[in-house]
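Engineer: Mind looking over this structure? Questions follow.
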Amino acid sequence: MANRQQFKYEWLGLLRDRWVLILSLLLLLVCIYAAYNGKEKVAERNQPIAKAMDEMKASDEQYKALIDSVAQGLKTNLPAWQNPQRLNVIGQRAARVAAFESQPLALVSTGQSDLFTHLVKPRLYGEALTLGFSELSNPVQLLFGNFDLAFVCIYLLPLLILAFSYNVLSAEKESGALRLTLAQPIQVTQWLLNKLLLRFVVLAVIVVIAFNVSLMTTGLNVVSEFSPVMKITLALLAYMLFWFGLSFWVNLRGQSSGSNAVVLVSLWVLIVLLIPAMISQLANNLYPVPSRVGMISELRYAEAEAQKNANQILESYYRDHPELAPTDTSAQKLYPFWLSYFASQDEIRKAVNPILSEYESQLHKQQQTVDQLRFLSPAVLLQNIFNESAGTSSRHYNSYRQQVVVFAGEWKNYFLPRMFRNELMKKEWMDELPHFSFDANKIEKQYTADVLALLLYGFAGFVLSFLLYRNYVTEKVLLT
Amino acid sequence: MVLKIASKEMKEVLRDGRFRVLSALCLVLLLVAVFSGKRYYEHVNAQHRDAAEKERLNWVSQDAKNPHSAAHYGTHAFKPKYPMSLIDQGVDKYTGVSIYLEAHVRNEAQFMAAQDQTALSRFGDLTPDFILLFLLPLLIILVGFNAITREKENGTLRLLQSMGISPLNLALGKWLGIFIPVAALLAFIFLLAAWLLNNLSDFGTFSLSALLILFSVYLLYYAVFSNLVLIVSAWAKKSSIAFVILLSAWIVACLGMPKLTTNLANTLYPYPTQQEFMEAVNEDKKKGLDGHDPWNDAAKKLEQEVLAEHGVDSVHKLPFNFDGYLMQKGEEHEAEIFFKHYEHLKEIYEKQSSLYKNAAILSPFLPARFLSMALCRTDYHSHWHFSDEAEKYRLHMMNALNMDFADNSTYGDWSYKSNPELWAKIEPFDYNPPTYASVLAFNAGNFTVLIFWFLISGVVLVYRCKKLKV
Amino acid sequence: MLEARNLSKSYNGTAALQGLNLLVKPGDIFCLLGANGAGKTTTINLFLNFIEPSGGEAVIGEYRVTDAPLETKKLLAYIPENLMLYPNLTGIENLDYFSSLAGKKYNQQELGKFLAEAGLQEDAHAKRINTYSKGMRQKVGIAISLAKQAKVLLLDEPTSGLDPKASNEFAALLKKLSQQGVATLMATHDLFRAKETGTHIGIMKEGKLVETLTTEQINHADLEKLYLQHMN
């Protein structure tokens, strides 16, 4: 009962404090702006994909018509080497768009999406493993980062919490009301906990509303995306709990408001800025990313060596792929140049792929190790949750790259056997060409582990404070 | 008098637990950052040197082959790292480390470090620039936010004023009391950096004057923050209010404005996507000369012109191989197209840069940020310079190869193989960064803004202090 | 009701209170006199368990305050020199809040009755505390102790800074409470008020209780003489 009355009057006090209203409105505005930014980024990402898809469809129709007319012996104004009946022409010029379209919640976190392109066209002649996935961008922008919801929640929200809670105990001490409170038969820790709990609930409601409203302003259907939105919300609450726990501890130390503010801001700097940077630095020192330039020189050497033997290659290629060797050697060959080209490409690939996959696996191992370090900081954990929910994490882009490589293989495998069989492109084949679709299910889910760790952080502050101040000495609070 | 106040302030600051703990923390972090920066620099530099040597070896040890095949084989230009990067890594993580130089195409630099790292790296790395640009201003705020409000709250300001101390002297004393300890910290780190840089094996590329300019940039940056801290402390009635205002200002200046401007720049002056860019290039290419396609209209026209010039009626009668000549002309034409499109990209980049310069009116962080990385040769401009120089070298290389083909073979002789000596005759890519004079000239705007910040905030501080009432 | 047994407190070796023995029975108003720093507030802080004694014990009712801090706090009410309440809440809300902390539950009418009993004018009940004068705040403090049905009242210079009328009203309230059997320990500088209101007087000097007497034993002039004697 005493608790209920306390909540009631704490709530009245908060309600009558205009700062709460101002800060809430400010938070809402900042969230809406951040969500708007996120939406712009997503549009920037999806527009070129939609355009490329439309263009691909249009050109497919064109090719169908062209194949038809060439098959009927009609004259086209295309040069011979662009004859659409040639499979190599289709394989090269009618390449599929392998796009990584945004996930519904992409707008909450830019994540790694500003580093990579979301649209590649693996072609018949190219090498999938050397496809560039870089996006053209001003590196200054990459350095500064984006003003997105993830930034607001990871960096700014803790400051809001600190502003809400840094002086809960000290303000009463400084005004003198604390003496009267402490003369009542209550536990200081319990009393302070109640005060912070109420603030947590109030702020949680404000944050959840601001977050969801800002998502809705972008036109996102919060109801149909209920589950991922809920997941982020839960993580946010755990993150908020962590900061309240920290504030609980600092309040219990019984210092002045000014000292509390300085301590809490220092902790904010430590947890949000320094620890992540230190982990990052630690990762670079302990588990350095394997050298890309080293890889280039190895690659180049292997490539040069492979090219030197390019002459006898087709012969040895047939030895390795007897199924592709022409059974009737007198048959008119349609693709002599291309077949030897692919054979020599294959040779080069054989020389180069071990280096690339060795590099990739080293990189993968390194990233996995570094990934474990995220448990050292709640801020990094929340970032990971945001990126995973938004589909903009490193893991998403690694998977996209791998899926494109697999698809490029499928694409080649569609054309090569047909070319070796000396076939010509048929109109109806245009509809059965392999196509790419990104499969988000292939990505390792880390949400559960992350959110559990965050909750652990969330409660740790409170539990430790309780243990530390089990025997609360008011002397320290009142007389310092 | 001023010195008396300053020394009293410094005594207070130095005896303050906050300053001791925080500055010790900053110092330790800076030491770690500087030493690991040095290690990283040496590591990367060794890698690059090694890779460049191997790549050169790959190039010169090519067999006898058609020069145009060699042109397609191409070579890599590796972006060097400069000694002062151990202080500021700038955008290095977000630019590629090497450019593939091949026939027909100007490639973007590839393999940016950030792409190989997890999203964790987006929090930033513990490098000296991170501490110098973000944390030391915060240290100034934490040390100085209550420099004047404290005297108001304790009532000592009333006492001081009753003794007839001019508010200006008081402010100057307090200013020195905040600034000198931080400046001393900075000086120590720069001395250490100078010593480390001096002991690097490739000391030649490091200039002490650049380090001194960088030092003065940071001094100016901290002076601005000291001014701001005192202005707010003189204005606010309570320490807590001063603290909240200064902290908000720090967030806006160091975190908010850079991100806001980035989003604005992205909306107002967006870069084309990689696909759009290449499509635009290919569109232009289609219209023009293709060295590989002698049936192309533009190629036919060139053939007529060349035949007329030499007064012969067949390409077979020309004194050089028309294939090679055509190849070179095609290369030149493509280079022009790339030049045009890269110039366009550069225009966008410059518009974005000027937006950042304008935003600097609201954030002293921005000019300091840009100046710092420019002086350490880790800014975007340095990257552009490298990319442009690499392109120049590529054209030079292509010219040598194509003209060897044109001069030493006959028309239609695609089986021509040039002497392997040719590979060694093409000298390796030797990149020289822009001089410091040009770096400074390019960044004059940032300098001006930063000095402007210092002067304006100084004037406001003087005005504010004159009005200082109890 | 309220007893100090050989109660001592020292800070870093400096004694703030040495071997204090005193007993306040129900209905008694014990006034502690003494210079600043004589140990009056320390005594009250010890009874409130705000600070831990270095020796001896403070007893309220049948409990030692250090053993049963919550039980003893249920019995006592405390009014500091400058009673601060929540400025954003009204008088009646503050009363409700603090009495609920004490584990009591009253309706609005009952709360109003306590405030009226403490002498706070009706129209101020629903006004926020930040509009109150010091005297009005002290009355809310009395109302809190009334609502709490405290058996012990600890007062730390409750009348300093009050105008004579408010001070007089406050003294009348104390007398009323004492008639109801409340034991009161009051630290004060006001010799006149102590003589008028108190039943017992103790004079403290440098952490020691140097004189104890009942107010009936002495008139006002002699009290002042006695006090000054001890101070010099």
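Engineer: Say the cut-off is 19 Å between C-alpha atoms; which of C:LYS175/C:LYS205; C:LYS151/C:LYS176; B:LYS38/B:LYS357 go over it?
Structural biologist: Working: C:LYS175/C:LYS205 27 Å; C:LYS151/C:LYS176 13 Å; B:LYS38/B:LYS357 30 Å.
Long pairs (Cα-Cα over 19 Å): C:LYS175/C:LYS205; B:LYS38/B:LYS357.
Engineer: Just the number: Rg to Rh for the stretch A:339-480, Cα atoms, Kirkwood Rh, two decimals.
Structural biologist: On the way: Rg = 26.6 Å, Rh = 20.4 Å.
Rounded to two decimals, Rg/Rh equals 1.30.
Engineer: Taking 51 Å as R0, compute the FRET efficiency from the Cβ-Cβ separation of A:MET216 and B:HIS43 and round it to 0.05. Write down the numbers at each step before the final one.
Structural biologist: On the way: r = 49 Å, r/R0 = 0.96.
Approximately 0.55, to the nearest 0.05.
Engineer: Taking a threshold of 30 Å on the Cα-Cα distance, which of the pairs A:LYS57/B:LYS79; C:LYS105/C:LYS165; C:LYS9/C:LYS74; B:LYS300/B:LYS425; B:LYS238/C:LYS73; A:LYS51/A:LYS426 fall above it?
Structural biologist: On the way: A:LYS57/B:LYS79 41 Å; C:LYS105/C:LYS165 32 Å; C:LYS9/C:LYS74 24 Å; B:LYS300/B:LYS425 32 Å; B:LYS238/C:LYS73 35 Å; A:LYS51/A:LYS426 26 Å.
Violating the 30 Å limit, Cα to Cα: A:LYS57/B:LYS79; C:LYS105/C:LYS165; B:LYS300/B:LYS425; B:LYS238/C:LYS73.
Engineer: Further question on the same structure: For every helix of n ≥ 4 consecutive DSSP H residues, a contribution of -39,500 (n - 2.57) applies; sum these over chain C, divide by its total residues, and give [θ] at 222 nm rounded to the nearest 500 deg cm²/dmol. Kindly include the intermediate steps, with their values, before the conclusion.
Structural biologist: Numbers: 8 runs with 86 residues, N = 232.
Calculated mean residue ellipticity at 222 nm is -11000 deg cm²/dmol.
Engineer: So, one more: Counting alpha carbon pairs within less than 8 Å and at least 6 residues apart, what relative contact order, in whole percent, applies to the stretch C:2-231?
Structural biologist: Values: 439 pairs, mean separation 66.8, N = 230.
Answer for the stretch C:2-231 is 29 percent.
Engineer: Apply the membrane-span-like helix rule to chain B: whole DSSP H runs, Cα extent along the own long axis of at least 18 Å, mean Kyte-Doolittle hydropathy at least 0.5. List the helices found.
Structural biologist: Details: long enough: B:2-15 (19 Å, 0.01); B:17-60 (64 Å, 0.04); B:167-198 (45 Å, 1.82); B:208-235 (40 Å, 1.99); B:274-287 (20 Å, -1.82); B:297-310 (20 Å, -0.81); B:322-359 (55 Å, -1.08); B:380-408 (42 Å, -1.03); B:444-466 (33 Å, 1.46).
Going by DSSP H runs, the hits are B:167-198, B:208-235, B:444-466.
Engineer: Using 7 Å Cα-to-Cβ label points, what is the A:ALA43/B:GLU276 separation (nm, one decimal)?
Structural biologist: 1.3 nm
Engineer: Just to be sure I understand the rule: take each whole DSSP H helix in chain A, project its Cα atoms onto its long axis, keep it if the span is 30 Å or more and its mean Kyte-Doolittle hydropathy is at least -0.5. Which ones pass? Walk me through the intermediate numbers first.
Structural biologist: Working: long enough: A:18-71 (78 Å, 0.18); A:188-217 (43 Å, 1.80); A:226-252 (38 Å, 1.46); A:336-372 (52 Å, -0.81); A:394-420 (39 Å, -0.67); A:447-468 (31 Å, 1.84).
Helices meeting the criterion: A:18-71, A:188-217, A:226-252, A:447-468.
Engineer: Something else now. From the square roots a ≥ b ≥ c of the eigenvalues of the alpha-carbon gyration tensor of the stretch B:2-466, which class results: rounded (a/c under 1.5), prolate (a/b over b/c), or oblate? Show your work: numbers first, answer last.
Structural biologist: Working: a/c = 3.65, a/b = 2.57, b/c = 1.42.
In terms of gyration-tensor shape, prolate.
Engineer: Could I ask something else about it? About its Cα centre, how strong a charge dipole does the stretch B:2-466 have in debye, to the nearest 20, once Lys and Arg get +1 and Asp and Glu get -1 at the Cβ?
Structural biologist: On the way: 43 positive and 47 negative charges, 775 e Å.
My answer is approximately 3720 debye.
Engineer: Below 10 angstrom from the Cβ of C:ALA38, what's the summed charge of the other residues (Lys, Arg +1; Asp, Glu -1)?
Structural biologist: On the way: positive: C:LYS40, C:LYS205, C:LYS208; negative: C:GLU206.
Summing Lys/Arg as +1 and Asp/Glu as -1 gives +2.
Engineer: Under 1.5 on a/c is rounded, so check that first for chain A, then, if it is not, pick prolate when a/b is larger than b/c and oblate when it is not; a ≥ b ≥ c are the square roots of the alpha carbon gyration tensor eigenvalues. Show your work: numbers first, answer last.
Structural biologist: Numbers: a/c = 4.05, a/b = 2.53, b/c = 1.61.
Prolate is the answer for chain A, as a/c is 1.5 or above and a/b outweighs b/c.
Engineer: Given a Förster radius of 51 Å and the C-beta distance between B:THR156 and A:ARG4 as r, what FRET efficiency does 1/(1 + (r/R0)^6) yield to the nearest 0.05? Don't jump to the answer; show the numbers that get you there.
Structural biologist: Details: r = 46 Å, r/R0 = 0.90.
Plugging the Cβ-Cβ distance into 1/(1 + (r/R0)^6) gives 0.65.
Engineer: What dipole magnitude, in Debye to the nearest 20, does the stretch C:2-231 give about its Cα centre under +1 on Lys/Arg Cβ and -1 on Asp/Glu Cβ?
Structural biologist: Values: 25 positive and 25 negative charges, 54 e Å.
Value, rounded to 20: 260 debye.
Engineer: For the stretch A:7-37, list residues with backbone N below 19 Å from a point placed 7 Å from the Cα of B:LYS237 toward its Cβ?
Structural biologist: Label zone hits: A:17-20.
Engineer: Could you name the aspartates and glutamates in cross-link range of A:LYS427, using Cα to Cα under 15 Å and dropping any fewer than eight places away on the same chain?
Structural biologist: A:ASP60, A:GLU61, A:ASP68
Engineer: When the helices in chain A are scored as -39500 (n - 2.57) per DSSP H run of 4 or longer and the sum is shared across all residues, what 222 nm value do you end up with, to the nearest 500 deg cm²/dmol? The partial results should precede the final answer.
Structural biologist: Working: 19 runs with 319 residues, N = 480.
About -22000 deg cm²/dmol.
Engineer: Could I ask something else about it? Compute the signed sum of charges (Lys and Arg +1, Asp and Glu -1) over the other residues within less than 10 Å, Cβ to Cβ, of A:ASP371. Please list the in-between numbers first.
Structural biologist: Values: positive: A:ARG374, A:ARG395; negative: A:GLU444.
Around A:ASP371, the surrounding residues sum to +1.
Engineer: For B:ASN198 and A:ALA460, what does the FRET efficiency come to when R0 = 45 Å and r is the distance between their Cβ atoms, rounded to the nearest 0.05? All intermediate terms of the calculation are to be shown ahead of the outcome.
Structural biologist: Values: r = 47 Å, r/R0 = 1.04.
So, using R0 = 45 Å, E works out to roughly 0.45.
Engineer: Let me ask another. Explain nothing, just the number: dipole magnitude of the protein assembly as shown about its Cα centre with +1 on each Lys and Arg Cβ and -1 on each Asp and Glu Cβ, in debye rounded to the nearest 20.
Structural biologist: 4960 debye
Engineer: So how far, in whole Å, is the C-alpha centre of the stretch B:253-285 from the one of the stretch B:440-455?
Structural biologist: Their Cα centres are 25 Å away from one another.
Engineer: Continuing with the same structure: Based on DSSP H runs of at least 4 residues, each adding -39500 (n - 2.57), what is the mean residue ellipticity at 222 nm of chain B after dividing by all its residues, to the nearest 500 deg cm²/dmol? Could you put the intermediate results ahead of the total?
Structural biologist: Details: 19 runs with 316 residues, N = 470.
About -22500 deg cm²/dmol.
Engineer: How much of the DSSP beta bridge set in the stretch C:2-231 is antiparallel, as a percent to the nearest 5?
Structural biologist: Numbers: 21 of 39 bridges.
Antiparallel: roughly 55 percent of the beta bridges in the stretch C:2-231.
Engineer: Also: Once you keep just the Cα pairs under 8 angstrom separated by 6 or more residues, what percentage relative contact order results for the stretch C:119-182?
Structural biologist: Details: 21 pairs, mean separation 24.2, N = 64.
Answer for the stretch C:119-182 is 38 percent.
Engineer: Could you work out the relative contact order of the stretch B:2-466? I mean the mean sequence separation of Cα pairs under 8 Å and 6+ apart, divided by the number of residues, in percent.
Structural biologist: Values: 565 pairs, mean separation 118.5, N = 465.
Worked out over the stretch B:2-466, it gives 25 percent.
No lab work stands behind these numbers, since they all come straight from the coordinates. If you're wondering where the values come from, they're calculated on a predicted model, not measured in any experiment. Methodologically, a virtual Cβ is constructed for each residue, glycine included, from the backbone with ideal geometry; neighbour enumeration extends over all protein chains shown.
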